[in-house]
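Colleague: Have a look at this one.
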Amino acid sequence: MSVKLIVDSGSDLPKDILEQHDIDIVSLIVHLDGQDYYDRDTIDSQKVYDAMREGSAPKTAQATPDTFYDVFKQYTDEGRPVIYLAFSSELSGTYQSAMIAKQQIEDDNESAEIYIIDTRAASMGHGLVAYHTAEAIANGGSVQDILDTANFYVNHMVHVFTVDDLEYLQRGGRVSKAQAFVGGMLKIKPLLHVEDGKLVPLEKVRGSKKVIGRMVDLAGERGNSLDQQTIAITHGDDEETAQKLADKLKEVYSPQDVIIHQIGSAIGAHAGPGTIALFFLDDVQQ
């Protein structure tokens, strides 16, 4: 039976890619104005961004073990191997929920094949791992070949992103109140990246115009063979800036493709409107 690929909504994969590759998606939970919603199912990111601009402070919660149990079991009951690519375990407990569900199913069914990989990534960093893993499945690789492909992209994915307002990261404990205040006063744009699954400050740039140029430079400094890659850009309700970044990357590096997508509710609730994120590889699979 063919391998079933599952991701969670922290991957920010566009709907057309999910449908093309028959990828199932498990929703993270978003708490907004006293109500609970399922990311991409009962709430869209535009509602979250609009609410944040009006002063709301949404929170998120991991998907539950019961949710994963139900999703995994429908495929293991058919005898299909399942691969779940998880949002970074350093940023969400969703990976652990999936591990609990995996153990419950395997306790009852020794023949069940469930493989769970911590992508140590977020947004389309996570999404690109899934995108390439789905291509490996479509090419008819063995389960081990598919897992090897996923792990290659996990180990070579680079994130570079900036936020429009440090206050949103401050709410989530990513920067101090003093840093957020000073950054806002001086119009400093922070650049961050992901290291071992955690958000880590990279450098500071003064002014929004300069930050896009610096992101393009960082792609050249940290990336490899960009002309052989599919690059991804996600944004917090700022498609215009995302397109400017894409145009510049195409001009300088001529990537094979650039995927642009809006950041979903789960990640957007922490990063906030105006976030721009760039994802590429520091090595390419030959």
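The values are calculated or read from the model by the stated rules, or taken from the named source; none is laboratory data. All values derive from a computational prediction rather than experimental measurement. Because the Cβ atoms are built from the backbone with ideal geometry, glycine has one as well, and the counts that use them run over all protein chains shown. With ligands, DNA and RNA removed, areas are computed over all heavy atoms of the protein, side chains included. Shrake-Rupley method; radii C 1.70, N 1.55, O 1.52, S 1.80 Å.
Colleague: Hey, among the residues in segment 87-104 that are touching a helix residue (DSSP H, G or I) at 6+ places or on another chain (Cβ under 6 Å) and surrounded by 21 or more Cβ atoms within 10 Å (Cβ to Cβ), which one's farthest from Ile267 (Cα to Cα)?
Modeller: Ala101
Colleague: Those residues that are among the acidic types (Asp, Glu) and touching a Pro at 6+ places or on another chain (Cβ under 8 Å), I need them from segment 86-124; list them, please.
Modeller: Glu113
Colleague: Another one. Among the helices (runs of 4 or more DSSP H) lying completely within segment 185-286, list those that include at least 1 residues that are open to solvent by 70 Å² or more (accessible area, probe 1.4 Å) and within 24 Å of Ala150 (Cβ to Cβ).
Modeller: Values: elements: 208-222, 239-253, 265-271.
Passing ranges, in order: 208-222.
Colleague: A follow-up question, please. Filter segment 136-148 for residues that are part of a helix (DSSP H, G or I) and without any contact (Cβ under 8 Å) to a residue 40 or more places away in the chain and give the result.
Modeller: Ala136, Gln144, Asp145, Asp148
Colleague: Here's a check for you: in segment 45-80, which residue that is of a type in the set (Asp, Glu) and open to solvent by 90 Å² or more (accessible area, probe 1.4 Å) is modelled with the lowest pLDDT? Give the derivation first.
Modeller: Looking only at segment 45-80, we keep the residues that are of a type in the set (Asp, Glu), and these are 50, 54, 66, 70, 77-78.
Retained after the next criterion (residues that are open to solvent by 90 Å² or more (accessible area, probe 1.4 Å)): 54, 66, 70, 77-78.
Details: Glu54: 93, Asp66: 98, Asp70: 98, Asp77: 97, Glu78: 96.
Looking at the filtered set, the residue picked out is Glu54.
Colleague: Report, by residue number, each residue of segment 4-17 that is more than 15 Å from Thr64 (Cβ to Cβ) and touching a strand residue (DSSP E or B) at 6+ places or on another chain (Cβ under 6 Å).
Modeller: Once the filter is applied, which keeps residues that are more than 15 Å from Thr64 (Cβ to Cβ) and touching a strand residue (DSSP E or B) at 6+ places or on another chain (Cβ under 6 Å), segment 4-17 yields Lys4, Leu5, Val7, Asp12, Pro14.
Colleague: Which of the residues spanning segment 241-286 are hydroxyl-bearing (Ser, Thr, Tyr) and under 18 Å from the mean Cα position of the chain (by Cα)? First the steps, then the outcome.
Modeller: Within segment 241-286, the first condition is being hydroxyl-bearing (Ser, Thr, Tyr), and the residues that meet it are 241, 253-254, 265, 275.
Those that are hydroxyl-bearing (Ser, Thr, Tyr) and under 18 Å from the mean Cα position of the chain (by Cα): Ser265, Thr275.
Colleague: Being more than 17 Å from Gln262 (Cα to Cα) and among the charged types (D, E, K, R) is the filter here, so list the residues in segment 26-61 that pass it.
Modeller: From segment 26-61, those more than 17 Å from Gln262 (Cα to Cα) are 26, 29, 31-37, 54-61; that's our starting set.
Answer for segment 26-61, where residues must be more than 17 Å from Gln262 (Cα to Cα) and among the charged types (D, E, K, R): Asp33, Asp36, Glu54, Lys59.
Colleague: Between Asp118, Asp108, which is open to solvent by 70 Å² or more (accessible area, probe 1.4 Å) and at pLDDT 95 or above?
Modeller: On the way: Asp118 fails: open to solvent by 70 Å² or more (accessible area, probe 1.4 Å).
Exactly one of Asp118, Asp108 is open to solvent by 70 Å² or more (accessible area, probe 1.4 Å) and at pLDDT 95 or above, namely Asp108.
Colleague: Continuing with the same structure: Does segment 99-125 hold any residues that are in contact (Cβ under 8 Å) with a residue 60 or more places away in the chain and in a helix (DSSP H, G or I), and which are they?
Modeller: Selection gives Ser123, Met124, Gly125.
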